[in-house]
Amino acid sequence: VNRTIDDQLGDSVTGMKPTYSPDAQGAWISLQDNSCGKLCILDPKDAFDGTLHTAFVKSGDTTQHTVVAAFTGSAVYVFHSIFSAWSTDLTFFLDDELDGTFARAADGSAAGRHVEHNVQVYANTSLSSGTHTLKIQLNTPSGSGKNAQGFTYALFDRIVYT
């Protein structure tokens, strides 16, 4: 049975919500239906439960931006929305061990800018059955290569576990 940890509403079974760090105001922004303001291209109406959490880091930023959630299961999947004009660079830690990465470079074409929802950015289907902790880290861009724009973004939607 799949269970969901929504970015805003938390775990569909336990009610536990993900922890966002840093917790300073504005570090992570909660986007809900019709609340996108200047970020209206990111209207989350097509995201799971109509919500997203977004954060960005720029070159030279030493503050780690993370999402942490605990779950009990034997498989886990992470879904984000991806905006083609922004670079995404994520690292995943499972039970404090590096377990994966996801990176997508920004599309420099103004004509091709679009948002993809429900993008699976991480999966692990071979966990021992039990309680686990997943940490999603937004990486600081190098300012060259895939992150030449000097910023990386996260648009966290949900975690699904079995």
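The values are calculated or read from the model by the stated rules, or taken from the named source; none is laboratory data. What you are looking at is a predicted structure, and each value in this text was computed from that prediction instead of being measured. Please note: Cβ atoms are built from the backbone with ideal geometry, for glycine as well, and neighbour counts cover all protein chains shown. What goes into the accessible areas is simple: the full protein's heavy atoms, side chains included, and nothing from ligands, DNA or RNA. Shrake-Rupley method; radii C 1.70, N 1.55, O 1.52, S 1.80 Å.
Number of residues in the stretch 70-81 that are open to solvent by less than 10 Å² (accessible area, probe 1.4 Å) and either under 13 Å from the mean Cα position of the chain (by Cα) or under 12 Å from TYR20 (Cβ atoms) (or both): the value is 3. Among the residues of the stretch 108-116, is there at least one that is closer than 20 Å to TRP28 by Cα, in contact with a helix residue (DSSP H, G or I) (Cβ under 9 Å, 6 or more places away or on another chain) and surrounded by 14 or more Cβ atoms within 10 Å (Cβ to Cβ)? Within the stretch 108-116 (the criterion being closer than 20 Å to TRP28 by Cα, in contact with a helix residue (DSSP H, G or I) (Cβ under 9 Å, 6 or more places away or on another chain) and surrounded by 14 or more Cβ atoms within 10 Å (Cβ to Cβ)), the answer is yes, since at least one residue qualifies.
Assessment of the stretch 131-146 against the conditions (surrounded by 14 or more Cβ atoms within 10 Å (Cβ to Cβ) and at pLDDT below 85) yields at least one matching residue.
Among residues of the stretch 7-31 that are over 13 Å from THR51 (Cα atoms), those with a beta-carbon under 8 Å from a residue that is open to solvent by 90 Å² or more (accessible area, probe 1.4 Å) and not in a loop (DSSP other than H, G, I, E, B) at least six positions away or on a different chain give the pairs ASP11/ARG3; SER12/ARG3; VAL13/ARG3. Please name all residue pairs, on different chains or six or more residues apart, with Cβ atoms under 9 Å, provided the first residue is in the stretch 107-120 and is assigned to a loop (DSSP other than H, G, I, E, B) and modelled with pLDDT under 85 and the second residue is open to solvent by less than 70 Å² (accessible area, probe 1.4 Å) and of a type in the set (Asp, Glu). Every condition considered, the pairs that remain are ARG113/ASP107; HIS114/ASP107. Within the stretch 1-35, the residues that satisfy the criterion of being touching a Ser or Thr at 6+ places or on another chain (Cβ under 8 Å), assigned to a loop (DSSP other than H, G, I, E, B), under 18 Å from LEU134 (Cα atoms) and open to solvent by 70 Å² or more (accessible area, probe 1.4 Å) are ASN2, LEU9, SER12. Of all residues in the stretch 19-33, one or more are in contact with a Lys or Arg (Cβ under 8 Å, 6 or more places away or on another chain) and modelled with pLDDT under 85.
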